[in-house]
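S.K.: Once you've had a glance at the structure underneath, I'll fire off some questions.
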Amino acid sequence: MNGEHGTRPPVLVGYDGSPDGERALRWAVEEARLRGTALIVCHAWHWPYPFQPPDEGTFEVIRGLGAIVADDGVRKAHALAEGLDVRWRLVQGWPTAALIKASQDAGLVVVGARGHGGFDELSVGSTAVQLPARAGRPVVVVRPEEAPARRDGGRVVVGVDGSPASEAALGFAFEEAAVRGATVQAVCGWWDPAALPGPDRVPFVQPESVRHEAIGRFERGVAPWKREHPKVPVETDFVVDRPRRALVAAAKGADLLVVGDRGIGSVREMILGPVTQAALHEAPCPVAVVPAPIAPTA
């Protein structure tokens, strides 16, 4: 898909002037620089009351304030990366819907974990959960624990469970590692009742046999991407632990954690899979959520 500013689709960042919005902006600037593409700074504005404004002038004042926020994001982006192609886009609506609308020509969407107006007790706001589930493209949620961006090297962790979304996450992780000069660390968290000790163990099952088969599936799933990206260093970690804990532990010190929107066993009615939601709330680094490819209709 071609973007409006070049051969590669732009990076779109949601910006509201909040501390997390500032972090997302910094991350998106570096991502656009690495990809060699444009950056779109998007601000969503809306009339926050249930009744209509008394006149059109009041409505325009709210819109004008939104334009000031968007322009501030552009100014800060230019200060971070001189020469980067940066534009701003002002969209009316609540943040999730506005960003989905604005992202139709974007290759990647970046948002902060929380914006203005959230509760202090929440580690992740509603937009950071709803947007990855509905955008139809990769979304990076930048958490407060992010480490400073590095020009090269580093590590991209990706969760692998054999699901379609996991396959898409693998592809995204290898592409990110390639532009960053980073290592891909593919992690499979394996937790099988057959491996449990004592009376909780599933009868008539050989745990080592099941484990060996699971390792084989994991390695076979990563192998095609290793062949496609021979210059990207790869580590494969098969961890006997619940996927949620395995991925959060592996993400310590990583540049990015990549997960699919829904893994094996996720219910379609859920907005995101449980492991993905845990990653958004607990990971100590930015989290990229990659949707599964849309299956062709007959």
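No lab work stands behind these numbers, since they all come straight from the coordinates. Since this is a predicted model, take the numbers as computed values, not measurements. Note that we place each Cβ from the backbone using ideal geometry, even for glycine, and neighbour counts take in every protein chain shown.
S.K.: Can you list the lysines whose alpha carbon sits under 27 Å from that of LYS76, skipping same-chain ones fewer than 8 residues off?
M.R.: LYS101
S.K.: Then there is this: Can you list the lysines whose alpha carbon is less than 25 Å from that of LYS252, not counting same-chain residues fewer than 8 positions off?
M.R.: Partners within reach: LYS226, LYS231.
S.K.: Can you tell me the order of 211-223, 62-74, 7-19 when each peptide is scored by its average per-residue count of other Cβ atoms within 10 angstrom, highest first?
M.R.: Those peptides, ordered most packed to least, come out 7-19, 62-74, 211-223.
S.K.: Would you please report the Å³ per residue occupied by the convex hull of the alpha carbon atoms in the stretch 11-142?
M.R.: Details: hull volume 13.6 nm³, N = 132.
Convex hull volume per residue, Cα atoms: 103 Å³.
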